[in-house]
Each structure stands twice: as C-alpha cells, then as structure tokens.
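Input: a single structure, listed below in structure tokens.
The values are calculated or read from the model by the stated rules, or taken from the named source; none is laboratory data. Owing to the predicted nature of the structure, the values given are computational and were not obtained by experimental measurement. Heads up, the Cβs are rebuilt from the backbone with ideal geometry, glycines too, and the neighbour counts pull from every protein chain shown. Accessible surface is based on the protein model in full, side chains and every heavy atom, while ligands, DNA and RNA are left aside. Shrake-Rupley method; radii C 1.70, N 1.55, O 1.52, S 1.80 Å.
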Amino acid sequence: MSLLSADNLPEDICIPSYDRDAVTAGILHFGIGNFHRAHQAVYVDDLLKKGAQKWGIVGVSLRSSSMRDALKPQDYLYTLAVLGETTDYRVIGSIKDVLVAPADPQAVIDLLANPTTQLVNSTITEKGYYLASGTIDFEHPNLKAEIASLETPTTIYGFLTCGIIQRSQAPTPSKLTIMCCDNISAGGELIKYGVQNLLQIHDKEALAWSKNNVSFVSSMVDRVSPATNDALRESVFRDTKRRDASPVSTEPFSQWIIEDNFAGERPEFDQVGAVFVENISPFEKMKLGYLNAAHTIASTLGYLNSDTYVHESLERPEVLNFMHQALYKNVLPNAAVPQGYDGATYIEDVIKRFQNSNLPYANLQVGTDSSQKIQQRWFPTIDQTLNQNAECSYFEFCIGAWVMFIQTALDNGVLNDPNKVRFQQVKTTNFDEVIKAYLTIANADQFEFYDEPDFMRAVSQHANKIKTDGLTSALVAFLNAQGKTDI
Ligand code: CS2
C-alpha cells in the first residue's frame with residue numbers, strides 16, 4: 001500500500017524541499033486540527049523552505065490521540081489539497097512530532113520549558129478557553145482542579161503555567177512568546193489572564209519572571225478548511241498515488257495578521273505572507289464581525305433549510321439576499337474595518353469564498369460550539385448596533401433562527417456543543433421561556449440586547465414564525481416586510 005511517507009513522497013507535486021532531519025522545533029502548537037494544518041503549518045513550511053530551520057512544529061493534542069495516530073506512520077507528513085478553480089496538492093513537512101497531553105503530560109511541560117521552544121501557538125477552538133460570561137469560567141471543574149493543584153494539568157492554562165514555572169527555574173531561563181490563533185477577540189490577553197491567575201496562586205516567583213520574559217500575542221487567522229472525509233482521502237490517493245490517512249482541504253485564500261509583541265525571537269512570517277501589526281484589534285473585529293458572523297448566519301439558515309453545505313445555503317436566493325442585507329445593513333454601519341480595507345469589498349469577497357462549491361463546508365461544522373461562537377461573532381455587533389440606535393432587524397431574525405437551530409439539532413440528535421446537556425435540560429413548553437433559557441446558556445444575559453424588550457420581542461416573533469411556518473416561509477415574509485431590495 002503506497003502510504004505517504006518521507007521515503008515515499010509523490011512525484012510531480014510540491015514536497016518539502018528542505019532537510020526535515022535538520023529542522024528543530026522552535027514552535028509548540030496546541031490543537032493540531034485541520035485549520036492549523038491548512039494555515040500556520042503551511043506558513044511554517046514556506047519558512048522552512050527559505051532555510052529558517054529552527055521553526056519546525058511539535059503539535060500537542062489536549063484531548064485525543066487520533067491525529068498523532070494518523071500522522072505518525074506518515075512521518076507527520078500530510079497532503080494539503082487547495083480546492084479553488086483548480087485543485088493543487090502539496091505535501092507539508094513542518095510538523096516534526098505530535099504529543100498527546102493526557103498520555104504524557106510531563107513531555108508537554110518539558111517541551112514548554114525547553115529553550116529550543118520559543119513560540120507557543122493555539123488553535124483549540126472557542127471551547128478550549130472555558131469562556132462564560134465573556135471571560136474564563138474558573139468555576140469549571142477542570143480549572144477548579146488546576147487552581148487546587150497543578151499535579152495533572154488538563155487545560156491550556158494549566159499546561160502553560162507548568163511550562164512557565166519549569167522554564168523559569170532553568171539556570172539561564174529563555175524568553176517565550178504565546179500566541180492565540182483562534183477566532184477569539186483579544187485571545188492573547190485571555191490566555192495571559194488565565195495563566196497569570198494560576199501563577200499568582202502556585203508560584204509568584206515564576207509570575208514575576210514571566211512578566212519580563214513571556215509575551216502573550218493575539219492574531220487574526222483566516223483560511224476555510226473543512227473536516228477531512230473519505231472523499232478527500234480518495235481524491236488525494238487518485239491524484240497523488242499516495243495513501244494519506246489525514247489530508248487537509250482548503251481554499252486558495254489565506255491571511256495571517258499577527259500582533260508584533262514577541263518576547264524572544266520572532267519567526268519571519270512576514271517573509272511568507274503574514275503581516276505584523278501593532279494593533280491587532282481592528283483585524284480581529286473585522287474577521288469575527290464580518291466573516292465568522294456571516295458563516296454562522298449561512299450555516300444556521302442553511303441547516304434549518306436542510307442544506308448540508310454552506311455553499312448550498314447560499315444557492316437559495318432568499319438566503320443570499322438575507323446575507324447581503326444583514327451584512328450591509330446590520331454589520332457594515334456598526335463594525336469598523338481596519339485602515340486600508342473597504343467593508344463592502346470585504347463582504348463581497350467573503351460571500352464569494354463561501355460560495356466555493358469545490359470546497360464543501362458542512363453547516364453542522366460551523367454549527368459546532370455555536371453557543372460559544374455567537375458570543376464572539378454576533379453579540380458584540382448587536383450591542384454596538386443598539387447603542388447607536390441603528391438598524392438591527394436582521395440580527396433579530398438571526399437570533400430567532402439560532403434558537404430554532406439549537407432546538408432542531410437537539411431533536412435530530414446532532415447538536416455538537418459544550419452546552420448540549422444544559423440545552424437538553426430546558427424542558428418548559430413555553431417557547432418564550434425556551435428562547436430566554438437558550439440565550440442565557442449562550443451568555444446573552446451578559447449583553448445589553450438581552451434586556452432590550454423590543455429586540456427580544458422580535459426574536460420571539462421570528463423564532464415562533466420559523467417554528468410554525470418553516471425557515472423559508474418565515475425568511476421570505478421577513479424580507480418582504482423589510483421592503484426587500486436586492487444588493
Ligand atoms: C468557521 C471557521 O467552522 C467555523 O466556525 O466559521 O472555522 C472559519 O472557516 C474560519 O474562521 C475561516 O478563517
């Protein structure tokens with residue numbers, strides 16, 4: 001069986017042109033998922049091709065061994081399939097190893113303390129940060145356990161804290177940069193808050209050392225990369241003649257904006273297309289408030305229409321029209337874009353990317369962890385809009401549709417959300433109470449719109465209309481009531 005490996009690389013496609021054995025792992029990456037392997041790991045592969053051998057990656061899985069088990073037989077090589085107008089393949093070699101934290105936590109801590117490690121990145125999805133009410137939920141059992149003892153860390157905060165403590169005890173401790181690469185606003189500051197809280201409890205000397213030697217950085221990351229399926233495995237085998245247990249598909253577009261605040265050495269990611277900036281906030285707000293908000297709009301409406309993929313959702317004229325209207329009328333006027341960007345152009349570019357039928361992205365994949373995601377993607381814009389007494393009716397419909405998404409996905413047994421049990425425990429037959437309960441579970445009560453009677457009344461009307469008439473009928477009626485104007 002022609003399994004992809006270092007001794008069995010495919011011909012005629014782009015492969016690592018550098019000596020992988022000479023590469024050392026300057027980067028530790030928490031969350032070796034498809035997004036990381038389509039994004040940061042590709043930038044690093046490009047950097048290694050330019051001779052920057054010190055920036056190889058060791059991945060760390062905080063939960064399961066599946067990625068390690070898939071990649072180890074392939075020498076941690078994998079195939080990237082870029083699915084645009086054409087299909088382009090390349091083999092990525094930037095990952096040198098993958099550790100499974102629950103199996104050997106000390107190996108992860110040792111790596112964090114190792115002076116060769118200079119940069120720690122995270123793509124652990126929104127739920128990996130244990131957010132509640134807009135900040136870290138220190139009441140969560142996993143965090144309570146780490147507050148009590150760092151004997152067996154399980155969260156990114158616990159592991160980073162243990163690693164910093166051990167690193168600080170070296171004879172000549174070296175600096176470290178920790179970078180959030182998730183769709184989280186001010187992710188670097190959030191990780192800093194969680195880690196410094198634990199250091200304050202467990203090792204004040206390490207806390208003092210970290211304040212001068214460890215920096216916490218945010219970044220805006222952007223590349224659509226669906227979950228791997230057998231169809232991709234088969235097309236990769238057909239086209240490259242190599243079996244790859246875990247190939248990754250993605251789009252041609254890629255963007256990485258990085259806050260320029262490195263404690264130690266900074267990989268020259270700007271040599272391979274990333275951009276370093278002083279102020280990351282406008283970029284985070286644009287990505288979350290436009291692209292990710294739109295992704296959740298398309299997937300929420302799409303799932304209620306029984307469409308499997310995002311591009312199929314947008315093939316419905318009424319959904320595409322709603323998407324345009326929502327972004328132009330409820331986002332663009334209230335969510336600034338960074339200098340040099342044009343909001344309308346960004347909207348059109350994002351929608352075009354989502355319409356790429358060569359890269360099917362499941363509505364249910366976007367819908368995963370939606371109770372966490374909408375707090376970052378929708379709620380801040382809604383509050384901004386209400387504070388400016390601006391138009392917000394499209395988000396009223398979105399929130400009503402999201403409530404129906406949760407209820408429908410629960411009924412269908414396909415809801416994938418850290419709050420699934422809490423949603424299941426909402427048993428009232430009063431639908432307005434269901435709406436309030438679902439929104440409370442999503443921490444909406446921490447936002448102003450939750451106590452805005454007109455807004456919540458409209459949400460209830462839309463949710464009830466969708467419940468009784470179905471999504472399409474409710475959506476068309478809504479658009480007609482808005483005096484539907486095609487963009
Ligand atoms: C998506 C994101 O699944 C989701 O939540 O909205 O993963 C999205 O594809 C990326 O942020 C695009 O950069």
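State whether the residues of region 419-433 include one that is in contact (Cβ under 8 Å) with a residue 60 or more places away in the chain and open to solvent by 30 Å² or more (accessible area, probe 1.4 Å).
no
Which count do you get for residues in region 273-285 that are within 16 Å of the ligand (Cβ to nearest atom) and either open to solvent by 40 Å² or more (accessible area, probe 1.4 Å) or in contact with a helix residue (DSSP H, G or I) (Cβ under 7 Å, 6 or more places away or on another chain) (or both)?
4
Can you tell me which residue is least open to solvent (accessible area, probe 1.4 Å) among those in region 92-108 that are within 17 Å of L4 (Cβ to Cβ) and of a type in the set (D, E, K, R)?
Result: D97.
Table: residues versus (1) of a type in the set (V, I, T); (2) more than 21 Å from R223 (Cα to Cα); (3) open to solvent by 50 Å² or more (accessible area, probe 1.4 Å); (4) at pLDDT 95 or above.
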site: V23; (1), (2), (3), (4): yes, yes, no, yes
site: G26; (1), (2), (3), (4): no, yes, no, yes
site: I32; (1), (2), (3), (4): yes, no, no, yes
site: R37; (1), (2), (3), (4): no, no, no, yes
site: D45; (1), (2), (3), (4): no, no, no, yes
site: K50; (1), (2), (3), (4): no, yes, yes, yes
site: S65; (1), (2), (3), (4): no, yes, no, yes
site: R68; (1), (2), (3), (4): no, yes, yes, yes
site: R90; (1), (2), (3), (4): no, no, no, yes
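Just one of the numbered conditions (1) within 16 Å of the ligand (Cβ to nearest atom); (2) at pLDDT below 95 is not true of Y303; which one?
Condition not satisfied by Y303: (2).
Would you point out which residue out of P360, P333 is in a loop (DSSP other than H, G, I, E, B), modelled with pLDDT under 95 and either within 16 Å of the ligand (Cβ to nearest atom) or farther than 30 Å from I27 by Cβ (or both)?
From the options P360, P333, the qualifying one is P333.
What single numbered condition from (1) in contact with a helix residue (DSSP H, G or I) (Cβ under 9 Å, 6 or more places away or on another chain); (2) without any contact (Cβ under 8 Å) to a residue 60 or more places away in the chain fails to hold for A81?
Failing condition for A81: (2).
Checking the structure you have, find out if any residue of region 382-403 is within 29 Å of V82 (Cα to Cα) and either among the aromatic types (F, W, Y) or within 13 Å of the ligand (Cβ to nearest atom) (or both).
For region 382-403, residues within 29 Å of V82 (Cα to Cα) and either among the aromatic types (F, W, Y) or within 13 Å of the ligand (Cβ to nearest atom) (or both): absent.
Anything in region 129-150 that is over 24 Å from the mean Cα position of the chain (by Cα) and of a type outside the set (G, A, S)? List them, or say none. Talk me through it step by step, then tell me what you get.
Here is the first cut: in region 129-150, the ones over 24 Å from the mean Cα position of the chain (by Cα) are 144-150.
Matches in region 129-150: K144, E146, I147, L150.
Has region 396-416 got any residue that is crowded, with 23+ Cβ neighbours inside 10 Å, over 24 Å from the mean Cα position of the chain (by Cα), in contact (Cβ under 8 Å) with a residue 24 or more places away in the chain and assigned to a helix (DSSP H, G or I)?
So far as region 396-416 goes, yes, one or more of its residues are crowded, with 23+ Cβ neighbours inside 10 Å, over 24 Å from the mean Cα position of the chain (by Cα), in contact (Cβ under 8 Å) with a residue 24 or more places away in the chain and assigned to a helix (DSSP H, G or I).
Considering only strands (runs of 3 or more DSSP E) fully contained in region 168-272, which possess at least 3 residues that are away from the ligand (no atom under 16 Å from the Cβ), over 30 Å from T135 (Cα atoms) and open to solvent by less than 30 Å² (accessible area, probe 1.4 Å)?
Of the strands (runs of 3 or more DSSP E) lying wholly inside region 168-272, none has at least 3 residues that are away from the ligand (no atom under 16 Å from the Cβ), over 30 Å from T135 (Cα atoms) and open to solvent by less than 30 Å² (accessible area, probe 1.4 Å).
How many of the residues making up region 12-51 are free of Cβ contacts under 8 Å to residues at least 60 places away in the same chain and either of a type in the set (S, T, Y) or outside any helix (DSSP H, G or I) (or both)?
Qualifying residue count, region 12-51: 4.
Residues that are open to solvent by 40 Å² or more (accessible area, probe 1.4 Å) and part of a helix (DSSP H, G or I): does region 375-384 have at least one? Don't jump to the end; show me each part of the working.
First pass over region 375-384, keeping only residues open to solvent by 40 Å² or more (accessible area, probe 1.4 Å): 380, 384.
Narrowing the set further to residues that are part of a helix (DSSP H, G or I) leaves 380, 384.
Yes - at least one qualifying residue is present in region 375-384.
With respect to L327, is the statement that it is within 19 Å of S225 (Cα to Cα) and either in a helix (DSSP H, G or I) or within 13 Å of the ligand (Cβ to nearest atom) (or both) true?
no
From the set of residues in region 127-144 that are of a type outside the set (D, E, K, R), outside any strand (DSSP E or B) and more than 16 Å from V195 (Cβ to Cβ), which is most open to solvent (accessible area, probe 1.4 Å)? Please lay out each step first, then the result.
Pass one, region 127-144, residues of a type outside the set (D, E, K, R): 128-136, 138, 140-143.
Checking which are outside any strand (DSSP E or B) leaves us with 128-130, 133-134, 138, 140-143.
When the remaining residues are screened for being more than 16 Å from V195 (Cβ to Cβ), the result is 133-134, 141.
Working: S133: 54, G134: 59, P141: 89 Å².
So, considering only residues that are of a type outside the set (D, E, K, R), outside any strand (DSSP E or B) and more than 16 Å from V195 (Cβ to Cβ), the one most open to solvent (accessible area, probe 1.4 Å) is P141.
Is there any pair linking a residue in region 344-356 that is within 19 Å of Y309 (Cβ to Cβ) to one that is aromatic (F, W, Y) and open to solvent by 30 Å² or more (accessible area, probe 1.4 Å), with Cβ under 8 Å and at least six apart or on different chains, and which?
From region 344-356, the pairs are R353/F253; F354/Y361.
Before we move on, is G163 small (G, A, S) and under 20 Å from the mean Cα position of the chain (by Cα)?
For G163, the condition - small (G, A, S) and under 20 Å from the mean Cα position of the chain (by Cα) - is not met.
As an exercise: evaluate R68 against (1) part of a helix (DSSP H, G or I); (2) over 26 Å from T240 (Cβ atoms) and give the number of the one condition it does not meet.
(2)
Output the number of the condition that T345 fails; it satisfies all remaining conditions of (1) surrounded by fewer than 20 Cβ atoms within 10 Å (Cβ to Cβ); (2) modelled with pLDDT under 95; (3) part of a helix (DSSP H, G or I).
Failed condition: (2).
I'd like to verify a number: residues in region 104-126 that are within 30 Å of A22 (Cα to Cα), of a type in the set (S, T, N, Q), under 22 Å from the mean Cα position of the chain (by Cα) and assigned to a loop (DSSP other than H, G, I, E, B), how many?
Start the filter on region 104-126 by keeping residues that are within 30 Å of A22 (Cα to Cα), which leaves 104-124.
Okay, now just the ones that are also of a type in the set (S, T, N, Q), so 106, 114, 116-118, 121-123.
This time we only want the ones that are under 22 Å from the mean Cα position of the chain (by Cα), so: 121-123.
The next check asks that each one be assigned to a loop (DSSP other than H, G, I, E, B); those that pass are 123.
Count: 1.
Residue-wise test of (1) polar (S, T, N, Q); (2) part of a loop (DSSP other than H, G, I, E, B).
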site	(1), (2)
T429	yes, yes
D432	no, no
T440	yes, no
F449	no, no
A458	no, no
A474	no, no
A477	no, no
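Looking at T468 and the list (1) open to solvent by 30 Å² or more (accessible area, probe 1.4 Å); (2) in contact (Cβ under 8 Å) with a residue 60 or more places away in the chain, which single condition is not satisfied?
The failed condition is (2).
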